[in-house]
Amino acid sequence: MKNNFIIMNSEDNCATSLAKIPKDDEVELDSGNIIKINQNIPLGHKFALKKINKGDLVKKYGEIIGVATEDIELGELRSCYKRCYKRSKIK
């Protein structure tokens, strides 16, 4: 398993792919935990590092980038355009 993703900050709950990650691939985190990818993840797209429940804050770069509008499962493709409120809408 090579690192084909990057986690920008230790507080992030999503990672960004550095290459296509096929469905059913397993990625290993620095902690040694292994995540099974449950959807094809295109280059540059994000996937959940843990289950993100509806209403949870979505973090990247250690910053809030949105709020989940639906549950996002571990290893699932996540698009803030479809699955979370934008940060600018958070009050």
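None of the figures in this text is laboratory data; all of them are computed from the coordinates on show. All of these numbers come straight from a predicted model, not from anything done at the bench. Reconstructed Cβ throughout: ideal geometry from the backbone, glycine too, with neighbour counts over all protein chains shown.
Numbers for the structure displayed
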read-out	value
Members of region 45-79 found to be on the phi > 0 side of the Ramachandran plot and within 11 Å of the chain's Cα centre (by Cα), listed by number	Gly75
Top-ranked residue in region 36-56 [being without any contact (Cβ under 8 Å) to a residue 24 or more places away in the chain and either surrounded by 16 or more Cβ atoms within 10 Å (Cβ to Cβ) or not small (Gly, Ala, Ser) (or both); ranked as nearest to Ser10 (Cα to Cα)]	Lys51
Scope region 34-49; condition farther than 11 Å from Glu73 by Cα and among the small types (Gly, Ala, Ser); matching residues	Gly44
